[in-house]
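The values are calculated or read from the model by the stated rules, or taken from the named source; none is laboratory data. Predicted, not measured: the structure shown is a model, and the values here were computed from it. Reconstructed Cβ throughout: ideal geometry from the backbone, glycine too, with neighbour counts over all protein chains shown.
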Amino acid sequence: MSEVFQISLSDWHFFLEKLAVEWDVFVPVKINQFIDYKFYNSNYPIQYNQPLPVTPLKTFFLPFQENVVFSRSFHNKKLIVGVPSCDLQALNLLDEIYLEETSPDPIYRKNRENTVLIGTDCHTIRTSCHCMSYGIEPFPTANADLNLVSLNDSILLSVYTSKGEALIKQYLEHFKNVLPDRENLEMAENRRSATRRMLEEQNPNLPDYSTTGDLVLHAGEEIWQKYAKTCVSCGACATICPTCTCFLLIDRPDFEKVRQVDVCQYPGFEKIAAGEDPLHRKSVRFKNRYLCKYVWKPERFKSIACTGCGRCIDGCIGEINKNEIFLELSQQA
């Protein structure tokens, strides 16, 4: 399904306002120097075709803390606008984990069912972006119900799923000029090509996902000790990663059971009976994260565990750039 509609910005905002009466509508807005999702408000200037919301998409399906016995997170229907390709691709792995046929997670499944995702092309890149190095295009190719491109005071909406089609056709009667201009279609394709070129020029030597796994697996301890020196074990890298979803289950009174995000960089993450802790050394915890993402998860799942969003680079207090690690390993190989 690849039907494309063109509507004016004013009609698009009318659509969002109508939908926000019954749905939780989230849009990307600029907060200081960052972009993040906020509930739709006509006073907010929406940031179209820009990378990257601070909040990873996973948070809408797997909140940082949630009572899994009395959860209400899936009761509201959600529309999330402006989801970049890297976050959409991350859903491949999350779906494998939480929708596994033998033991699906009912809360995750309900959250996925009750959410419509509107992806977006990226027309600019950040210095940490490297999606194409791992075979991911800077525009949605999977898991979006609709895709949005903003051009010349118009919105191009591409329909990818029956869920997206059902939503948009409720409002087609209110829209004008629903057939796209050829000029805008060509401009959208040219923008995609330009973004691809920027990413290729920015990361010419970065190894691909599979090669990175081999490099990590055979790396000596010296490099992990070197880069772990500035790590403060804050866990930001995994918390904002779109594919990391380790958690604790905490029992509380009155049969409460709370699922809370846990991170492999925290001291005590793997502490067991009698105080044994295989990851007590910081450099070992540091290495463990990369082994998990590039070696162990590919052995267990079909989907990749890093989509090149670069959030871990941007959010690191210790200013650790994982791409610098992989480039150094590549030069040593």
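Only residues that are under 20 Å from the mean Cα position of the chain (by Cα), of a type in the set (D, E, K, R) and part of a helix (DSSP H, G or I): list them for the stretch 280-316, please.
The answer is Arg289, Lys293, Lys297, Arg311, Asp314.
If the requirement is being touching a Ser or Thr at 6+ places or on another chain (Cβ under 7 Å), of a type outside the set (Ser, Thr, Tyr) and closer than 30 Å to Leu199 by Cα, which of these qualifies: Lys30, Lys38, Lys58? Give the derivation first.
Working: Lys30 fails: touching a Ser or Thr at 6+ places or on another chain (Cβ under 7 Å); Lys38 fails: touching a Ser or Thr at 6+ places or on another chain (Cβ under 7 Å).
Going through Lys30, Lys38, Lys58 in turn, just one is touching a Ser or Thr at 6+ places or on another chain (Cβ under 7 Å), of a type outside the set (Ser, Thr, Tyr) and closer than 30 Å to Leu199 by Cα: Lys58.
Filter the stretch 198-222 down to residues that are buried (at least 19 other Cβ atoms within 10 Å of the Cβ), outside any loop (DSSP other than H, G, I, E, B) and either within 24 Å of the chain's Cα centre (by Cα) or β-branched (Val, Ile, Thr) (or both), then give me how many there are.
Residues in the stretch 198-222 being buried (at least 19 other Cβ atoms within 10 Å of the Cβ), outside any loop (DSSP other than H, G, I, E, B) and either within 24 Å of the chain's Cα centre (by Cα) or β-branched (Val, Ile, Thr) (or both): 4 in total.
Grab the strands (runs of 3 or more DSSP E) fully contained in the stretch 1-70, keeping just those with 2 or more residues being within 30 Å of Lys257 (Cα to Cα). Walk me through how you get there before you give the answer.
On the way: elements: 4-8, 24-31, 34-39, 65-67.
Strands (runs of 3 or more DSSP E) meeting the threshold: 24-31, 34-39, 65-67.
When the residues of the stretch 305-324 are narrowed to those that are among the hydrophobic types (A, V, I, L, M, F, W, C) and surrounded by 17 or more Cβ atoms within 10 Å (Cβ to Cβ), which ends up farthest from Pro140 (Cα to Cα)?
Ile320
Only one of these is buried (at least 20 other Cβ atoms within 10 Å of the Cβ), in the same structural domain as Leu57 (by TED's automatic domain parsing) and under 28 Å from Ile313 (Cβ atoms): Asn143, Asn92. Name it. Lay out the reasoning, then the answer.
On the way: Asn92 fails: buried (at least 20 other Cβ atoms within 10 Å of the Cβ).
Testing whether each residue is buried (at least 20 other Cβ atoms within 10 Å of the Cβ), in the same structural domain as Leu57 (by TED's automatic domain parsing) and under 28 Å from Ile313 (Cβ atoms) leaves just Asn143.
Condition first: surrounded by fewer than 16 Cβ atoms within 10 Å (Cβ to Cβ), under 22 Å from Ser233 (Cβ atoms) and at pLDDT 85 or above. Now tell me which residues in the stretch 251-278 satisfy that.
Result: Gln260, Pro267.
So, restricting to strands (runs of 3 or more DSSP E) that lie completely within the stretch 89-173, which ones have at least 2 residues that are within 30 Å of Gln260 (Cα to Cα) and in contact with a helix residue (DSSP H, G or I) (Cβ under 7 Å, 6 or more places away or on another chain)?
115-120
List every residue pair whose Cβ atoms sit under 8 Å apart, with the two residues 6 or more apart in sequence or on different chains, where the first one lies in the stretch 301-323 and is touching a residue at least 60 places away in the same chain (Cβ under 8 Å) and farther than 13 Å from Ser233 by Cα and the second, anywhere, is charged (D, E, K, R) and assigned to a loop (DSSP other than H, G, I, E, B).
Here the result reads Gly310/Arg126; Asp314/Arg126, each pair linking the stretch 301-323 to a residue that is charged (D, E, K, R) and assigned to a loop (DSSP other than H, G, I, E, B).
Any idea which of (1) surrounded by fewer than 22 Cβ atoms within 10 Å (Cβ to Cβ); (2) among the hydrophobic types (A, V, I, L, M, F, W, C); (3) within 15 Å of the chain's Cα centre (by Cα) is the one Cys129 doesn't satisfy?
The single condition Cys129 does not satisfy is (1).
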